[in-house]
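The values are calculated or read from the model by the stated rules, or taken from the named source; none is laboratory data. Owing to the predicted nature of the structure, the values given are computational and were not obtained by experimental measurement. Because the Cβ atoms are built from the backbone with ideal geometry, glycine has one as well, and the counts that use them run over all protein chains shown.
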Amino acid sequence: MALKRQMKLGMSIRGLGYHVAAWRHPDVPVDGTVRFDHYVRSAQAAERGLCDMIFFADGIGIREKDEPKGSLARSGYEIVEMEPMTLLPALAAVTKHIGLVTTASTTYNEPYHIARKFATLDLISGGRAGWNIVTSWSDAEARNFNRAKHLDYDTRYERAAEFVEVVTGLWDSWEPDAFVYDRENSVFYDESKLHVLDHRGKHFQVKGPLSVACMPQGRPVLVQAGASEPGRQIAAQWAEVIYAVQDSIPAAQAYYRDVKGRMARFGRDWDDLKIMPALRPVVGRTRQEAQDKFDQLQALIDPLVGLARAYNELGDLSGYPIDGPVPDLEVEPQIRSAHERIMRRVRENNWTIRQLCEQLAGAGGFCVIGTASDIADVMEEWIDAEACDGFNITPTHLPSGCEDFVGFVTPELQRRGRFRTAYEGRTLRENLGLKPHVNRYVAQRTEAETRLASD
């Protein structure tokens with residue numbers, strides 16, 4: 001009998017949860033985004049559930065707009081939160097096994113900053129760091145960094161590709177055994193195993209070497225979330241995990257085959273990349289209990305907040321009948337792939353504006369409501385259809401949504417032989433089943449020695 005394919009799981013614990021009305025739920029601490037204990041509770045729950053990683057999406061500005069007027073003060077969604085590169089080292093101290101992954105922008109950082117920070121996080125956590133590579137997308141962020149407008153689409157992806165090249169080059173500055181610490185002979189490091197990057201490109205000139213070395217993972221795990229054409233190229237070349245957003249098996253299969261099909265040209269194997277779409281489960285002991293949980297949250301959505309969610313991608317719909325059809329407005333979307341995905345679903349389902357707002361505000365994305373068995377059935381179906389390698393869980397509200405998943409769904413997946421019963425490795429890379437990172441200079445020398453021996 002063939003072994004069942006096991007899945008990888010991430011747990012997103014940003015803010016108060018992924019439903020816009022989460023802050024109004026009676027089980028949610030309204031000030032949780034500025035309380036360390038709130039994040040500790042969710043992180044430790046995810047680790048009890050043996051998740052591969054906790055994941056922090058991040059923005060470097062308040063990207064939500066007050067459109068329609070008055071909606072921002074009602075939303076409570078992504079308004080104030082802790083800076084994750086400060087938060088994650090603190091969470092490393094109160095966890096032991098779970099990976100620590102966060103977003104850092106390639107548009108509003110410099111490569112040396114990112115290389116140094118994530119290398120340090122890997123050291124502090126004992127090999128559990130991961131970098132989610134994004135270009136950022138909003139003018140709100142641009143205005144916080146001396147720009148009136150965000151960089152144009154092509155420029156920011158071109159910059160991102162070079163940015164990742166520089167960061168990964170800096171991470172290889174020191175070979176793993178470079179530091180000999182020989183007190184007797186006064187040799188701190190082996191000079192032959194230090195490498196100066198000296199990168200000179202269109203967007204960056206970075207000398208190096210990096211002033212951090214000897215990371216437990218060799219280098220942090222690279223995560224990527226883009227669905228655009230340039231984003232797929234970056235993922236195929238560099239990413240080891242993709243936080244995907246497809247909400248149907250056919251769409252997920254097409255994305256899975258497309259991105260993984262590009263990897264061979266970069267000398268990468270199919271399994272060098274784990275694709276993990278966002279899944280928003282609402283679980284109950286019965287289907288009715290699960291539906292009641294979801295309906296409770298939906299009833300808490302402020303109408304202005306629902307229209308604000310639609311505004312982000314489709315423009316101002318407040319002047320149209322709320323129960324009328326969704327107009328196809330001429331707008332320049334903030335995220336092209338998101339706009340296309342939303343409009344496709346609008347056309348497929350003939351949604352009214354009210355139905356669209358409800359979907360975007362609460363049921364948007366890949367949302368499954370039911371018992372642990374129902375949710376596990378869906379997850380198995382996706383895995384067996386080769387639509388993904390696992391899932392990034394985006395709870396409706398925190399910490400309860402995380403604890404519900406860990407308490408109900410994780411044991412069901414384990415019972416079915418689909419998920420681990422103990423962490424397999426010491427590092428995030430090991431637990432994800434990724435190959436060990438080999439320093440590029442070690443690889444070059446090994447290849448040269450092998451070639452010489454065969455001559």
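In region 148-192, which residues are free of Cβ contacts under 8 Å to residues at least 24 places away in the same chain and among the aliphatic types (A, V, I, L, M)?
Across region 148-192, the qualifying residues are ALA148, VAL180, VAL187.
Can you pull out every residue in region 78-97 that is of a type in the set (Gly, Ala, Ser) and over 19 Å from the mean Cα position of the chain (by Cα)?
Filtering region 78-97 for residues of a type in the set (Gly, Ala, Ser) gives 90, 92-93.
Hits for region 78-97 are ALA90, ALA93.
For region 267-285, state whether one or more residues are touching a Lys or Arg at 6+ places or on another chain (Cβ under 9 Å), crowded, with 20+ Cβ neighbours inside 10 Å and free of Cβ contacts under 8 Å to residues at least 24 places away in the same chain.
No.
State all residues of region 367-388 that are under 13 Å from PHE294 (Cβ atoms), touching a Leu at 6+ places or on another chain (Cβ under 9 Å) and aliphatic (A, V, I, L, M); if no residue qualifies, say none.
VAL368, ILE375
Just give me the residues in region 222-231 being buried (at least 19 other Cβ atoms within 10 Å of the Cβ) and farther than 16 Å from THR106 by Cα, in sequence order. Working first, answer last.
Let us first name the residues in region 222-231 that are buried (at least 19 other Cβ atoms within 10 Å of the Cβ), namely 222-227, 231.
Of everything in region 222-231, just one residue is buried (at least 19 other Cβ atoms within 10 Å of the Cβ) and farther than 16 Å from THR106 by Cα, namely ALA227.
Go through region 98-138 and count every residue that is part of a loop (DSSP other than H, G, I, E, B) and either more than 18 Å from HIS199 (Cβ to Cβ) or over 15 Å from the mean Cα position of the chain (by Cα) (or both). Show your work before the answer.
First, pick out the residues of region 98-138 that are part of a loop (DSSP other than H, G, I, E, B): 98, 106-110, 126-128, 135-138.
Restricting the remaining residues to those that are either more than 18 Å from HIS199 (Cβ to Cβ) or over 15 Å from the mean Cα position of the chain (by Cα) (or both) gives 98, 107-110, 126-128, 135-138.
Total satisfying the criteria: 12.
Tally the residues that are closer than 16 Å to ARG287 by Cβ, touching an Asp or Glu at 6+ places or on another chain (Cβ under 8 Å) and assigned to a loop (DSSP other than H, G, I, E, B), restricting the search to region 361-402.
The number of residues fulfilling the criteria is 0.
Just checking, which of HIS19, HIS38 is at pLDDT below 95 and farther than 27 Å from ARG143 by Cβ? Please lay out each step first, then the result.
On the way: HIS38 fails: at pLDDT below 95.
That would be HIS19, the only listed residue that is at pLDDT below 95 and farther than 27 Å from ARG143 by Cβ.
What number of residues within region 66-84 are within 30 Å of TYR423 (Cβ to Cβ), out of contact with any Gly (no Cβ under 6 Å at 6 or more places or on another chain) and surrounded by fewer than 21 Cβ atoms within 10 Å (Cβ to Cβ)?
Count: 2.
For region 166-212, what are the residues that are surrounded by 18 or more Cβ atoms within 10 Å (Cβ to Cβ) and of a type in the set (Asp, Glu)?
ASP172, GLU175
Residue-wise test of (1) among the aromatic types (Phe, Trp, Tyr); (2) touching a helix residue (DSSP H, G or I) at 6+ places or on another chain (Cβ under 8 Å).
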{"site": "PHE56", "(1), (2)": "yes, yes"}
{"site": "LYS69", "(1), (2)": "no, no"}
{"site": "THR86", "(1), (2)": "no, no"}
{"site": "PRO89", "(1), (2)": "no, yes"}
{"site": "LEU151", "(1), (2)": "no, yes"}
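Check ARG418, ARG445, ARG429 and return the single one that is of a type in the set (Lys, Arg), in a helix (DSSP H, G or I) and more than 21 Å from the chain's Cα centre (by Cα). Step through it out loud before you land on a result.
On the way: ARG418 fails: in a helix (DSSP H, G or I); ARG429 fails: more than 21 Å from the chain's Cα centre (by Cα).
Just a single option satisfies the conditions, and that option is ARG445.
Have a look at ILE114, ILE124 and point out the one that is in contact (Cβ under 8 Å) with a residue 24 or more places away in the chain, of a type in the set (A, V, I, L, M, F, W, C), out of contact with any Gly (no Cβ under 8 Å at 6 or more places or on another chain) and closer than 23 Å to GLU424 by Cα. Give the derivation first.
Details: ILE114 fails: closer than 23 Å to GLU424 by Cα.
Just one listed residue meets the conditions, ILE124.
Filter region 162-198 for residues that are part of a loop (DSSP other than H, G, I, E, B) and touching a Gly at 6+ places or on another chain (Cβ under 6 Å) and give the result.
Step one: of region 162-198, the residues part of a loop (DSSP other than H, G, I, E, B) are 172-173, 175-178, 183-186, 190, 195-198.
The answer is SER173, VAL196, LEU197.
Going by the structure shown, is ALA43 surrounded by fewer than 16 Cβ atoms within 10 Å (Cβ to Cβ) and either within 25 Å of ILE275 (Cβ to Cβ) or of a type in the set (Gly, Ala, Ser) (or both)?
Working: surrounded by fewer than 16 Cβ atoms within 10 Å (Cβ to Cβ): no; either within 25 Å of ILE275 (Cβ to Cβ) or of a type in the set (Gly, Ala, Ser) (or both): yes.
The answer is no for ALA43.
A quick yes/no check of all residues on (1) surrounded by fewer than 16 Cβ atoms within 10 Å (Cβ to Cβ); (2) touching a residue at least 40 places away in the same chain (Cβ under 8 Å):
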{"position": "ASP389", "(1), (2)": "no, yes"}
{"position": "THR394", "(1), (2)": "no, yes"}
{"position": "LEU398", "(1), (2)": "no, yes"}
{"position": "GLY401", "(1), (2)": "no, yes"}
{"position": "GLU424", "(1), (2)": "yes, no"}
{"position": "GLY433", "(1), (2)": "yes, yes"}
{"position": "HIS437", "(1), (2)": "no, yes"}
{"position": "ARG445", "(1), (2)": "yes, no"}
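Say we look at region 57-97 and pick out the residues that are in a loop (DSSP other than H, G, I, E, B) and basic (Lys, Arg); which of these is nearest to PRO303 (Cα to Cα)?
Initial filter on region 57-97 (in a loop (DSSP other than H, G, I, E, B)): 57-71, 76-83, 93-97.
Those still in the list that are basic (Lys, Arg) too: 63, 65, 69, 96.
On the way: ARG63: 19, LYS65: 15, LYS69: 12, LYS96: 42 Å.
Once the filter is applied, the top-ranked residue is LYS69.
Please go through region 108-132 and give me each residue that is surrounded by 21 or more Cβ atoms within 10 Å (Cβ to Cβ) and either in contact with a strand residue (DSSP E or B) (Cβ under 7 Å, 6 or more places away or on another chain) or among the β-branched types (Val, Ile, Thr) (or both), ordered by number.
Within region 108-132, PRO111, ILE114, PHE118, LEU121, ASP122, SER125, ARG128, ALA129, GLY130, TRP131, ASN132 qualify.
Within region 9-19, is even one residue buried (at least 18 other Cβ atoms within 10 Å of the Cβ) and part of a helix (DSSP H, G or I)?
Taking region 9-19 as the starting set, the residues that turn out to be buried (at least 18 other Cβ atoms within 10 Å of the Cβ) are 9-19.
If we keep only those that are part of a helix (DSSP H, G or I) as well, we get none.
Checking region 9-19: not a single residue is buried (at least 18 other Cβ atoms within 10 Å of the Cβ) and part of a helix (DSSP H, G or I).
Determine whether LEU9 is under 19 Å from LEU413 (Cα atoms), at pLDDT 95 or above, over 16 Å from the mean Cα position of the chain (by Cα) and not aromatic (Phe, Trp, Tyr). Give the steps one after another, and end with the answer.
Details: under 19 Å from LEU413 (Cα atoms): yes; at pLDDT 95 or above: yes; over 16 Å from the mean Cα position of the chain (by Cα): no; not aromatic (Phe, Trp, Tyr): yes.
For LEU9, the condition - under 19 Å from LEU413 (Cα atoms), at pLDDT 95 or above, over 16 Å from the mean Cα position of the chain (by Cα) and not aromatic (Phe, Trp, Tyr) - is not met.
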